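A quick write-up on the structure given underneath.
The values are calculated or read from the model by the stated rules, or taken from the named source; none is laboratory data. Because the structure is a prediction, the values reported are computed rather than measured. Quick reminder, even Gly has a Cβ in these numbers, built from the backbone with ideal geometry, and neighbours come from all protein chains shown. SASA here: full protein model, heavy atoms, side chains in, ligands and nucleic acids out. Shrake-Rupley method; radii C 1.70, N 1.55, O 1.52, S 1.80 Å.
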Amino acid sequence: MENPLFRIQHAEFIAPGIKRFVIEAPRIARKQKPGQFVILRVYEQGERIPITIEGSNSEHGTISIVVQSVGKTTNLLNSLNTGDQIMDVVGPLGKPSEIAKFGTVVVVGGGVGTGMAYPSAVAMKQAGNRVITILGARNRELVILERELAAVSDVLMITTDDGSYGDKGLVTDKLRQLIQNGTRIDLVLAIGPVVMMRAVADMTRAERIPTVVSLNPIMIDGTGMCGGCRVLVEGKSQFACVDGPEFDAHRVDFAVLVQRNAMYRNAEQRSLAEFQEQKKELDEHLNKVEEEACAIAETGGR
């Protein structure tokens, strides 16, 4: 019987605020497919959050995830280390990516979305496609999975907002360059911030290039019960977690999506601020206890 707690086999920061975890979860590892996600709960009273599976190893019974410290729970998760345990890891959930031989596939990964794009890039290459990957980040420090993506891509392009690595600009600049150069593109897969996916969709719509976006960033509880990830697709309500997370980008109403994505921002910021204040108080208390213990040790307990 599988351990009810999920042990972290390995944990390391791969960029500031971005951590990769390898978690022991044999049943999930056997069934996971690109595009799917898991629901995590760090402790019993904690919230449940959806995290995309970066990859899996069925032989070792492990899955890997990439987590960016954004809110309270992701900060708490990223405080865990090798050997620690996570209370709940449920999955795999969501519909898998459609993997087939399309021809030339452009995979666009923005920020931590690169971790979500990686398994699809691997699968697309294995299916016989020519894979062009465009990887974007704010700066050099936040470029992730470059080596891994280079290994499965026929062409790898990197952009940074500040020009500190690769070419200065946005992922859409590179996509526009490919289109203007007459590169045949049979499919675009974009995963990243909502505004980035919207910009990609606007560009490819005009060129009639089939485009898929992964709406992971708007998911909340991952079951469809909360309604937080409701998205309009050709005027009909669907849920990113159960009907997706991948959708035809040209059918998604991004105006509504951007508005919905902003609804929870203030609540998330308040929760994070409270967590940081509590953590500060706890750290101060632990430091005080440590100082008192050292003082007692120095006096021999007298």
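Numbers below:
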read-out: Residue within region 29-38 that is touching a residue at least 40 places away in the same chain (Cβ under 8 Å), open to solvent by 60 Å² or more (accessible area, probe 1.4 Å) and under 25 Å from Pro96 (Cα atoms) present; value: yes
read-out: Filtered residues of region 105-139 (kept if open to solvent by 10 Å² or more (accessible area, probe 1.4 Å) and over 18 Å from the mean Cα position of the chain (by Cα)); value: Lys125, Gln126, Ala127, Gly128, Arg130
read-out: Some residue of region 217-229 being buried (at least 17 other Cβ atoms within 10 Å of the Cβ) and at pLDDT 75 or above; value: no
read-out: Glu54 being open to solvent by 40 Å² or more (accessible area, probe 1.4 Å) and either modelled with pLDDT under 90 or touching a helix residue (DSSP H, G or I) at 6+ places or on another chain (Cβ under 9 Å) (or both); value: no
read-out: Filter result (assigned to a loop (DSSP other than H, G, I, E, B) and either more than 24 Å from Pro210 (Cβ to Cβ) or of a type in the set (Gly, Ala, Ser) (or both)) within region 164-181; value: Ser164, Tyr165, Gly166, Gly169
read-out: Region 1-28, subset among the β-branched types (Val, Ile, Thr) and either in a helix (DSSP H, G or I) or open to solvent by less than 20 Å² (accessible area, probe 1.4 Å) (or both), residue farthest from Glu98 (Cα to Cα); value: Ile8
read-out: Members of region 140-161 found to be in a loop (DSSP other than H, G, I, E, B), open to solvent by 50 Å² or more (accessible area, probe 1.4 Å) and out of contact with any strand residue (DSSP E or B) (no Cβ under 7 Å at 6 or more places or on another chain), listed by number; value: Asp161
read-out: All positions within region 78-104 that are more than 18 Å from the chain's Cα centre (by Cα), among the charged types (D, E, K, R) and either part of a helix (DSSP H, G or I) or over 30 Å from Gln45 (Cβ atoms) (or both); value: Glu98, Lys101
read-out: Long-range neighbours under 6 Å by Cβ, at least six apart or interchain, first residue acidic (Asp, Glu) within region 128-150, second part of a strand (DSSP E or B) and open to solvent by less than 40 Å² (accessible area, probe 1.4 Å); value: Glu141/Ala15
